[in-house]
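Peer 1: Just dropping this structure here.
The values are calculated or read from the model by the stated rules, or taken from the named source; none is laboratory data. Since the model is a prediction, treat every value here as computed from it, not as a measurement. Please note: Cβ atoms are built from the backbone with ideal geometry, for glycine as well, and neighbour counts cover all protein chains shown.
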Amino acid sequence: MPTHTHSVAAGRPLVACPDCDLLHALPDMRGGEKAVCARCGSELRANQVHGIQRAAALSVAALILLAVATLFPLLVFELEGREQPGGILSAAEALWNVGYPILAALVFFTVLAAPLMKILATLYVTVPLLLGHPAPGTASVFRLLDHLKPWAMVEVFLLGLIVAYVKLSDIATVEIGPSLVALVGLMVTMTWAEASLDSYDVWDRLSPQRRSGDPTGVAPERLVRCHACAQLSTEEHLPCPRCGAALHHRKPHSFHRTAALAVSAAILYIPANMLPIMTVVYFGSGEPDTILSGVETLIASGMLPIALLVFVASIAVPVLKLMGLGYLLLSVRRGSATRLRDRTRLYRLIEGVGRWSMVDIFMISLLTALVQLGAIATVQAEPGAVAFAMVVIVTMRASHAFDPRLMWDAAATRQET
Ligand SMILES: [Zn+2]
Ligand SMILES: [Zn+2]
């Protein structure tokens, strides 16, 4: 059950809502309880019973599963008596070999490097903390962990793998490799570890959260929320005393950065859809496919659920995301005071959904790795895939640059005048 917090009682930890900046005093929370903002409904803290222990244990398991998932093939493609195994490393390597180093680096980073760094960072923070002595640089490592979160895309890669599997099953035999089970396990343990780690608890152990009834008697409206560790401080533009991040009342230049990135993504969306993203050559015949013609091919082959999935992830999500961001920016410009709660929720949705558009890129990387059988069958990545990957990255940056508190500020300014 969510606990709504209203009044500022003495001696309680103070937190400001990340999305609307309303100040709350956290109540005593029991295990598994969640505190949400009384005004916009965003999460303030999700308390966990033995969350740090669980995150540490799950991260050890995740590390082993990541090693297995990386070292052994995920899928094996069989055609005309020839076999071609493919996995995470060979997917990145194949893109590199066919002349797409940017895509190769992107696959390597999002499926292997970022998850590995995330697991190691979690262990570095949690294990010494459990032993009672935080490791040196824990604050910096914990901040890094937060930055890595959107870029570790094991679950999206798994979906790309399913699409690749379905597409290939249509033309040949595809065997599921032993490490696919490890990849599924990796996804589960990483998601569970992230959900177990109550970041409020970690930061509060490193240096206690500001409490109400503070003797310095600073007016609440003068407090600045650290975007990295959520500590409340009084000195804007100085490093946060707890984590060292630069303190800002709002994300710097949020409006213009979001607008510039959204426009860039919209421009990139044109070549991403006009240019072919890959060519499948099968017994000497095959034409380059765009994202849309790839969806049409799937429909023609009777794979409607997969066609729908690719359409939503690759075509609908980027467009709706950009339209959503445009609407939010416009509402700030107009000083709109209506549907603030809904607009904050829309922002949360836009922030969360963007990474799923990487499905097609992962599908292409796996097909390129698996289908390299010379004259019999080959899959080649095409320039549209680079443009499309840029669309996904730039829209992720755009939604990250937007500060939802601008909407609440704009509405408050309007009401005052
Ligand atoms: Zn709020
Ligand atoms: Zn901080």
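Peer 1: Quick one: count up the residues across region 335-344 that are assigned to a helix (DSSP H, G or I) and either among the polar types (S, T, N, Q) or in contact (Cβ under 8 Å) with a residue 12 or more places away in the chain (or both).
Peer 2: Keep residues of region 335-344 that are assigned to a helix (DSSP H, G or I), which gives 340-344.
Among the residues that remain, those that are also either among the polar types (S, T, N, Q) or in contact (Cβ under 8 Å) with a residue 12 or more places away in the chain (or both) are: 340-341, 343-344.
Matching residues across region 335-344 total 4.
Peer 1: Among (1) among the hydrophobic types (A, V, I, L, M, F, W, C); (2) under 24 Å from the mean Cα position of the chain (by Cα); (3) at pLDDT 95 or above, where does residue 127 come up short?
Peer 2: Condition not satisfied by residue 127: (2).
Peer 1: Right, another one. If you go through region 234-263 one residue at a time, how many are closer than 24 Å to residue 360 by Cα and in contact with a Ser or Thr (Cβ under 9 Å, 6 or more places away or on another chain)?
Peer 2: Within region 234-263, the first condition is being closer than 24 Å to residue 360 by Cα, and the residues that meet it are 261-263.
Pick out the ones that are also in contact with a Ser or Thr (Cβ under 9 Å, 6 or more places away or on another chain) and you get 261-262.
Count: 2.
Peer 1: Being touching a helix residue (DSSP H, G or I) at 6+ places or on another chain (Cβ under 8 Å), closer than 20 Å to residue 260 by Cβ and of a type in the set (A, V, I, L, M) narrows it down to one of 371, 319, so name that one.
Peer 2: Working: 371 fails: closer than 20 Å to residue 260 by Cβ.
One residue alone meets the criteria, 319.
Peer 1: Also, quick follow-up: Do you know which of the residues in region 225-248 that are more than 13 Å from residue 400 (Cα to Cα) and within 16 Å of ligand 1 (Cβ to nearest atom) is nearest to the chain's Cα centre (by Cα)?
Peer 2: Of everything passing the filter in region 225-248, 230 is nearest to the chain's Cα centre (by Cα).
Peer 1: Mind telling me which of the residues 296, 235 ends up being part of a helix (DSSP H, G or I), of a type in the set (D, E, K, R) and free of Cβ contacts under 8 Å to residues at least 24 places away in the same chain? Reasoning before the result, please.
Peer 2: On the way: 235 fails: part of a helix (DSSP H, G or I).
None of the other options fit; the residue is 296.
Peer 1: Return the only residue of 329, 349, 304, 247 being in contact with a Gly (Cβ under 9 Å, 6 or more places away or on another chain) and not hydroxyl-bearing (Ser, Thr, Tyr). Talk me through it step by step, then tell me what you get.
Peer 2: On the way: 329 fails: in contact with a Gly (Cβ under 9 Å, 6 or more places away or on another chain); 304 fails: in contact with a Gly (Cβ under 9 Å, 6 or more places away or on another chain); 247 fails: in contact with a Gly (Cβ under 9 Å, 6 or more places away or on another chain).
The match here is 349.
Peer 1: Name the residue that is farthest from ligand 2 (Cβ to nearest atom), counting only residues in region 20-43 that are part of a strand (DSSP E or B) and touching a residue at least 40 places away in the same chain (Cβ under 8 Å). Lay out the reasoning, then the answer.
Peer 2: We begin by selecting, within region 20-43, every residue part of a strand (DSSP E or B); these are 23-25, 34-36, 43.
Checking the rest, the ones that are also touching a residue at least 40 places away in the same chain (Cβ under 8 Å) come to 23, 25.
Values: 23: 17, 25: 19 Å.
Among residues in region 20-43 that are part of a strand (DSSP E or B) and touching a residue at least 40 places away in the same chain (Cβ under 8 Å), the one farthest from ligand 2 (Cβ to nearest atom) is 25.
Peer 1: Between residues in region 240-268 that are in contact (Cβ under 8 Å) with a residue 24 or more places away in the chain and residues that are within 16 Å of ligand 2 (Cβ to nearest atom) and of a type in the set (D, E, K, R), which pairs lie under 6 Å by C-beta distance while being six or more apart or on different chains?
Peer 2: Filtered contacts from region 240-268: 243/143; 249/236.
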